[in-house]
Amino acid sequence: LSAQAPLGMQMYFASVFFFGISSITGAVNILTTILVMRAPGMTLFRMPILSWGILATNVITLTATQLIALSFIMVMFQRLLGMGFFDPAQGGNPILFQHLFWFYSHPAVYVFVLPGLGVISELLPVFARKPLFGYKWVALSSMGIALAGFLVWAHHMFTSGMEGFLRIPFMFSTLLVAIPTGVKFFSWVGTIWGGKLTFPTPMLFVLGALSVFLIGGLSGPPNGIVTTNLFLHDTYWIVGHFHATMFGGFVFPFFAGLYYWFPKVTGRMYNERLGKLHFWLMTPAFWVQSLGQMQVGLLGMRRRIVDYDPALGIDGGQLAITIAAFVIGLSVVIAIANLAWSAWRGVVAERNPWRSRSPEWQIPSPVPELNYPQSIRVVGDPYDYGLPGSSYVQVPASAPAAGE
Ligand SMILES: [Cu+2]
């Protein structure tokens, strides 16, 4: 493709570069908003925990995106001006491109996952009616994951032919990521523990996210450890691992957030039965899919190819993965139909159906154009669910803040 459509490739690199500029500009906007435009009383450690996830995400977007933009400029210069940065024939080094690519692309995974993990931490206290366990640690763990994400990129390159001794520090830094991630998981379990749990669709997707993220998390260390990585590299094991981290850290929390904030955005309630049907189709199907991918990977299925040797004996596994993928697709079609129909004809929602303390739930649904008529005032901690007499926000010219 690179040789057949040189102009098209050039345009492609240029377009990614401009996407990068828009991401960086967006990050400047969000970081500025979080750091200097908070409501009175909204200290950093009183922010909704999702805002910490967004903060950490945008630190990555602001910094790492510049590296991918830079590397794409280098590719453009190589193709246009003959500067052979990555061309061995001109004294360049193709592995340099891998370094630049992964220095961005590992942190880019956290751009997906950190907001998703933030949604989990945001919703669990609401549906457990308990304070978020270890709020400050959860907040700082987002920053910890973001920073650690910059130290691990070469774990994608253990078989690339880079200097062998470099594998060791990258193995250790990669395993380090388990600590802040473990802090989050510990907090979620601690928040669920002893809570008064209810299980509407958003909570089901949060719990589904935990189960799937656990699969992704536990299948991670074997990839980070050099000795096992050399066997697992470029197999379907990696594909299964990555699907589990992306679904657990992004797709499941995405649907949790979609159902959770749907009544706030549209003013109408989604259909609970169809929401639950979506969940109960998608979750077991996803377990089959990701565990199945890991299984066929261990049996020798390589990634990025369409075909495989029948002697591997993985026909049954491949069939199960394919059926599971179609079930996931069907469940998403049900979700789209549910949300589209409910936005149009759904039951009119209450202002705060989940009894959340967060400010957006104290104003009418759908949210008025100017959000809050006057600035809100933050008077307490965000997740003191179940603590009598506690209050998080005072929203003027609106219903009194939920304090329960
Ligand atoms: Cu990585």
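The alpha-carbon atoms of the chain, seen along their principal axes, cover 70, 49, 41 angstrom, with the largest extent given first. For region 281-377, applying the loop criterion from DSSP together with a ceiling of 16 other beta carbons within 10 Å to the trypsin sites (Lys or Arg not before Pro) yields Arg303, Arg304, Arg351, Arg355.
Holding the Cα-Cα limit at 22 Å, pick out from Lys196/Lys276; Lys130/Lys276; Lys136/Lys184 the pairs that are longer than that.
Numbers: Lys196/Lys276 20 Å; Lys130/Lys276 24 Å; Lys136/Lys184 11 Å.
Exceeds cut-off: Lys130/Lys276.
Here's how it looks for Met42: its modeled amide H is under 5 Å from those of Val378, which are all 5 or more places away or on a different chain.
Per residue, how large is the accessible surface of region 1-180? Use a 1.4 angstrom probe and give square angstrom. Please list the in-between numbers first.
Numbers: 8480 Å² over 180 residues.
About 47 Å² of surface per residue is accessible.
Assign unit charges at the C-beta atoms only (+1 for Lys and Arg, -1 for Asp and Glu), then state the dipole size of region 303-404 relative to its Cα centre in Debye, rounded to the nearest 20.
Details: 7 positive and 9 negative charges, 50 e Å.
Result for region 303-404 is approximately 240 debye, rounded to the nearest 20.
Candidates Tyr259, Phe127, Leu31 compared by Cα position along the dipole of the chain: farthest toward the positive end lies Phe127, with charges placed on Cβ. Excluding ligands, DNA and RNA, the accessible surface per residue across region 199-349 is 47 Å² with a 1.4 Å probe.
Which value, in Å³ per residue, describes the convex hull spanned by the Cα atoms of region 1-180? Let's see the in-between values first.
On the way: hull volume 25.6 nm³, N = 180.
Output value, Cα hull per residue: 142 Å³.
In the chain, which helices (entire DSSP H runs) extend 30 Å or more along their own long axis, judged by Cα positions, while averaging at least -1.0 on the Kyte-Doolittle scale? Helices meeting the criterion: 6-36, 49-81, 94-128, 272-298, 315-345. Taking all C-alpha pairs of region 199-349, those more than 19 Å from each other amount to 56 percent.
I'd like the FRET efficiency for Met11 and Val306, computed as 1/(1 + (r/R0)^6) with the beta carbon distance as r and R0 of 30 Å, rounded to 0.05.
On the way: r = 28 Å, r/R0 = 0.92.
My answer for the efficiency is 0.60.
In whole percent, how big is the carbon plus sulfur part of the accessible area of region 5-51, probe 1.4 Å, protein atoms only? The C+S portion of the solvent-accessible surface of region 5-51 is 78 percent.
The gain in end-to-end length when the Trp280 to Phe18 segment is fully stretched comes to 90.3 nm, 0.36 nm per residue minus the alpha carbon separation.
Of the three principal axes defined by the Cα atoms of region 60-159, the extents in descending order read 63, 26, 17 Å. Accessible surface for Thr322 stands near 70 Å², nearest 10, in the context of the full protein assembly shown (1.4 Å probe).
The values are calculated or read from the model by the stated rules, or taken from the named source; none is laboratory data. Given the structure is predicted, the values throughout are model-derived calculations rather than measurements. Glycine gets a Cβ as well: all are built from the backbone with ideal geometry, and neighbour counts include every protein chain shown. Surface accessibility is based on the protein's heavy atoms, side chains included, excluding ligands, DNA and RNA. Shrake-Rupley method; radii C 1.70, N 1.55, O 1.52, S 1.80 Å.
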